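For reference, the structure discussed in these notes is given below.
The values are calculated or read from the model by the stated rules, or taken from the named source; none is laboratory data. Keep in mind it's a predicted model, so treat the numbers as computed, not measured. Glycine gets a Cβ as well: all are built from the backbone with ideal geometry, and neighbour counts include every protein chain shown. All accessible areas refer to the heavy atoms of the entire protein, side chains included, with ligands and DNA or RNA removed. Shrake-Rupley method; radii C 1.70, N 1.55, O 1.52, S 1.80 Å.
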There are 2 protein chains.
Amino acid sequence: MKYISILGSTGSIGVSTLDIIQHYPDRFKVLGLAAGTNVDLLEEQCRRFKPIAVSLKREADAQKLQARLGQGGTEVYWGAEGLIRLATLDQVQLVVSAVVGIAGLMPTLAAIEAGKDIALANKEVLVTAGELLMRKVAEVGVKLIPVDSEHSAIFQCLQGVHKNEIARLILTASGGPFADFPSSQLAEVTPEQALRHPTWKMGDKISVDSASLMNKGLEVIEARWLFDVEVDRIEVLIHPQSIVHSMVELADGSIIAQLGIADMRIPILYALSYPERLSNPLPPLDLTKSAGLTFSRPDTDRFPCLEYAYQAAKAGGTHPTALNAANEVAVAAFLNSEIGFNDIAYIVKQIVDEHQYQKLSNIQQTLLADKWARKMAKSQLAAVN
Amino acid sequence: MKYISILGSTGSIGVSTLDIIQHYPDRFKVLGLAAGTNVDLLEEQCRRFKPIAVSLKREADAQKLQARLGQGGTEVYWGAEGLIRLATLDQVQLVVSAVVGIAGLMPTLAAIEAGKDIALANKEVLVTAGELLMRKVAEVGVKLIPVDSEHSAIFQCLQGVHKNEIARLILTASGGPFADFPSSQLAEVTPEQALRHPTWKMGDKISVDSASLMNKGLEVIEARWLFDVEVDRIEVLIHPQSIVHSMVELADGSIIAQLGIADMRIPILYALSYPERLSNPLPPLDLTKSAGLTFSRPDTDRFPCLEYAYQAAKAGGTHPTALNAANEVAVAAFLNSEIGFNDIAYIVKQIVDEHQYQKLSNIQQTLLADKWARKMAKSQLAAVN
């Protein structure tokens, strides 16, 4: 039996994780659930999974939930402290880190320091503090298993491969809903269009990032730390069919790829069961039913966010944090119809260009760079309008 | 330094193996070369690689070569005994088994018994005596590494995978030069057409087998023994682009695939260097330059040899040996323009149907079944004409 705490249980990954866990009652047991503001769904999850502790973002929501659940059963916490408590529950062995954004950083770090294995679905954690985090992972000796379909694919392809045999990592990208749009048309797209992802069903923020290819850029940075591979040996290929989830090119020219249906429950299950593999109730991939699998290089003229992410990754230090924070602000503004789609890239570029390089030696610098970039990005929003 | 003996050095695989070995003079050293009747090429190979011993099929050829090379250098042997001597040379660690057909069986077995690791390029060895051979491999504790691109692909995909996590093996097939021919047209194809394989450059026999899908059928039987997976969990998919060399579907629905350029030197190098991977001088695969990768189920109405191979595999015992022997006789007759292309399948079916099941308990049974099937197949040749 593996005891699990899920940070972000009411989000897309959290819900899929619980769906998986429910299929394996003799393998996994949920002890903790942390959510944001969705009290109703968390209440329902409490009744189904009977965790020993849960947490919400706000105190008022926590009190509301505690009242509904009654005393004596599940303990209800709140805020940043509640999140950290849920990340470090005594009996928990594996923490699913699926809080969106930089809010996931401190609880993930706390979980690692408490000796928990991590199933990582939050990409900002590695984007902003990958160097520090991976050092801590090695120090404490916990396992960090990626949940992202691309990184899970690479992680799977690398089983049994020696690090010095890796020639390149090849991340695939669906290309998003605007893959074939000319630049001029991109200026006019709406949030609703951006949320209609062609192959994956995901949360709002990541859907927009997927449309701008920033998602892939963040994944490049994430892969850089997760697999300790230099940025210029990480390549992105557009693969609209989303069947090959990513690949590894080895020293001898062989490419190992992981393929599967586009369902996050497969990489989630793998992260939960690793190093084992459990059979699952999903239909297997039938390659004879798929269109021809195609691969092309991304167009960074139309989707410059990917290029900016590469630049930030190469610059290192706090640059990826600034990139990520600027992007979060810009995407939120876009989703709120305050700015256009192309303005996201414009704002990111302004902030990353202005950012002063800082070597990353502690987590405080990450948080400061994040704050600085958010403030700067917000001031840019006005300029764009 | 790895000391190597190559059985079948003047054939397609043998020549590619020597090409690879020449690139890594500090990793591999050839000690033995066994050829059939190509005295000139073997002489040239002797001058380039300076083996301590070589062997030819016929005594007269051996004497001719010895005269050309002079005494005191390379020793020249001949016949079945010479082949076994080359397979068991004292210092040799790895034997590349690349003699075509059942002639490779005894020397491969001798090499295993002498404690040599095997790079296996001869598929008949496993087709006819896989059960006995794999038992011997386990008993002696040698490594048997497949050279065939499909089996090498699966072998690579299975690194780091537990046996009980394998759901299915998926062998890919180019479909051969006649993939789109209607049955009626198949009756009329010439040996020259059959030798024009669309994606791989191979020897004559295997090119015809590739056109009839018998090659894939033999590979199914081979995979069954090599990976100890039941026949009904081995699937064949037609993949005309020959880029995905084969795949493994795992318990959780994940598929791991190996991709690469269509060059036998990659699986050969892997078999030589295993468990290491060496970088190689070949250009890497550029997926953006390939057409869409497609997969479809094979049409066993037009290409019944694949179905017969599955049936023989399921029947077990000496049935695969009879299938293989009948096919060798029929293919030779087809290459000699004695019978039509569709007659190959017809003859194979007659012989397999007539064959009496025998549990395989020793190698002698294999050789007897082989002899019986050849005789029967030859008598069928007349009937077909």
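Can you find, among B:Ser246, B:Ala309, B:Ser12, the residue sitting farthest towards the positive end of the charge dipole of chain B, where Lys and Arg contribute +1 and Asp and Glu -1 at Cβ?
B:Ser12
Considering the dipole of chain B built from charges on the beta carbon (Lys and Arg +1, Asp and Glu -1) around the Cα centre, which of B:Gln66, B:Ile112, B:Pro298 is farthest to its positive end?
Result: B:Gln66.
In 5 Å bins starting at 0, how do the alpha-carbon pair distances of the range B:2-146 split up by percent?
The percentages, shortest bin first, are 2, 11, 22, 24, 20, 13, 6, 2, 0.
Whenever you get a sec, line up A:Ser184, A:Ser246 from highest to lowest accessible area (probe 1.4 Å, protein heavy atoms).
So, going from the largest accessible area down, we get A:Ser184, A:Ser246.
B plus A alone minus the pair: what accessible area, both sides summed, probe 1.4 Å, in Å² to 100?
Buried: approximately 3200 Å² between A and B.
Once Lys and Arg get +1 and Asp and Glu get -1 on their Cβ, which of B:Leu186, B:Val220, B:Tyr270 lies farthest toward the positive end of the dipole of chain B?
It is B:Tyr270, whose Cα lies furthest towards the positive end.
Could you report the accessible area of B:Asp232 in Å², rounded to 10, computed with a 1.4 Å probe on the protein chains as they sit in the structure?
B:Asp232 exposes around 120 Å² with every protein chain in place.
When the helix-only estimate is applied to chain A (DSSP H runs of n ≥ 4, each -39,500 (n - 2.57), divided by the residue count), what is the mean residue ellipticity at 222 nm, nearest 500 deg cm²/dmol?
Counting only the DSSP helices, I get -14500 deg cm²/dmol.
Mind grabbing the base-10 log of I(q)/I(0) for the range B:170-295 at q = 0.10, 0.14 Å⁻¹? Debye formula, identical points on the C-alpha positions, no solvent, two decimal places.
For the requested q values the scattering log ratios are -0.37, -0.73.
Given the range B:2-146, what count of lysine pairs have C-alpha atoms under 17 Å apart, with each pair 8 or more places apart or on different chains?
Value for the range B:2-146: 10.
Which percent, nearest 5, of DSSP beta bridges in chain B are antiparallel?
Bridges in chain B are about 30 percent antiparallel.
For the range B:172-220, which trypsin sites (Lys or Arg not before Pro) are both in a DSSP coil and crowded by at most 14 other Cβ atoms within 10 Å?
B:Arg196, B:Lys201
To one decimal in nm, how far is B:Ala80 from the same spot in the other copies, if labels go 7 Å from Cα toward Cβ? Please give the shortest first.
Nearest first, the other copies' label points are 8.2 nm away.
Rg and Dmax in Å for the protein assembly as shown, alpha carbons only: what are they?
For the protein assembly as shown, the Cα-based Rg and Dmax read 30.3, 100 Å.
First obtain the Kirkwood hydrodynamic radius of the range B:236-337 from its Cα pairs, then insert it into the Stokes-Einstein equation at 25 °C and 0.890 mPa s, and state the resulting D in µm² per second as a whole number.
In µm²/s, the coefficient rounds to 143.
Give me log10 I(q)/I(0) at q = 0.20, 0.21 Å⁻¹ for the range B:181-248, Debye formula, one equal scatterer per alpha-carbon, no solvent.
Log-scaled intensity ratios, in q order: -0.94, -1.00.
Would you mind working out the magnitude of the charge dipole of the range A:2-146 relative to its Cα centre, with +1 at each Lys and Arg C-beta and -1 at each Asp and Glu C-beta, to the nearest 20 Debye?
Roughly 200 debye, rounded to the nearest 20.
Given contacts defined as C-alpha pairs under 8 Å and at least six residues apart, what's the relative contact order of chain A, whole-number percent?
For chain A, the relative contact order is 14 percent.
Roughly what % antiparallel, to the nearest 5, for the DSSP beta bridges in the protein assembly as shown?
About 35 percent, rounded to the nearest 5.
Grab the eigenvalues of the alpha-carbon gyration tensor for the range B:105-183, scale each by 5, take roots, and send me the semi-axes largest first in whole angstrom.
Value: 27, 18, 11 Å, ordered largest first.
At 7 angstrom along the Cα-to-beta-carbon line, where would the label on B:Asp19 sit relative to the other copies? Give the distances in nm, shortest first.
Label point to label point, same position, other copies: 4.9 nm.
So how strong a dipole does the protein assembly as shown carry about its Cα centre when Lys and Arg Cβ are +1 and Asp and Glu Cβ are -1, to the nearest 20 debye?
Roughly 1040 debye for the protein assembly as shown.
Can you sort A:Trp225, A:Trp372, A:Trp78 by 1.4 Å-probe accessible area, starting with the largest?
Solvent-accessible surface, decreasing: A:Trp78, A:Trp372, A:Trp225.
Excluding residues fewer than 8 places away in the same chain, name every one of the lysines whose C-alpha is closer than 26 Å to that of A:Lys289.
A:Lys201, B:Lys216, B:Lys289
Helix hunt in chain B: which complete DSSP H runs extend at least 20 Å axially by C-alpha with mean Kyte-Doolittle at least -0.5?
Those that pass (Cα extent of 20 Å or more, hydropathy at least -0.5) are B:124-140, B:319-335, B:341-354, B:363-384.
Could you work out the Kirkwood radius for chain A, taking every pair of different alpha carbons, averaging 1/r and inverting it, reported in Å?
Here the Kirkwood hydrodynamic radius works out to 21.2 Å.
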